[in-house]
Amino acid sequence: MKWLNVIKRKKDRDMETEIKKLKPVELWILLILKAAGGEVCCKTKIMKILFLLEIVYGIIGVKFEPYNYGPWSKDVDDALRRLVELGLIEERELQKPPEGPEHTGLMYVYRLTEKGRRAVEKIPLKDPKWRLPYADVVFFVGWDVRDLMEYIYVNYPEYAVNSVIKDKLARKPAV
């Protein structure tokens, strides 16, 4: 039985080493998935939550630019791809329903793998550096992606200038 404890400690050390190699954007993607119960439907939702974290806290470390559905970052796309390659998350394609005018083409569902679940548990959420922004993540994962986009378009209109759907979203007063 002693050898099982040795193997477990080695796995824990290996996971901690792997976590230290992840970029802030990758860690926050894992935390978004954790807050959502392990799965988020659509890259757009992840992108918008990361944008809000960067605007408010400046902790993600990536640049966003105005794009087809509001703020977008190549770094976030790269981080999602890297997390898939590392086996921390799974990406699955879903065909979008034809009645969804806000989107075209494919949607992606992102899910924490077992390895990803173990990794995210190593992030020290008791530390205020993580705990305070994570509270906002928990709040925003409960929002529909359309509500996130409307909020961003109203409060950060400079990121909606290239949006292909800005005229389809209802205008809401700034919160």
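Every number here is computed from the coordinates shown, using simple stated rules; none is lab data. Note that this is a predicted model, so its numbers are computed, not measured. All Cβ positions, even for glycine, are placed from backbone atoms using ideal geometry, and neighbour counts span all protein chains on display.
Protection proxy ranking for 51-64, 156-169, using the average of other Cβ atoms within 10 Å per residue and placing the highest first: 51-64, 156-169.
As a rough guide to protection, the peptides 32-40, 136-144 ranked by mean Cβ packing within 10 Å, highest first, stand as 32-40, 136-144.
Diffusion coefficient (Stokes-Einstein, Kirkwood radius over C-alpha pairs, 20 °C, 1.002 mPa s) for segment 34-88: 180 µm²/s, rounded to a whole number.
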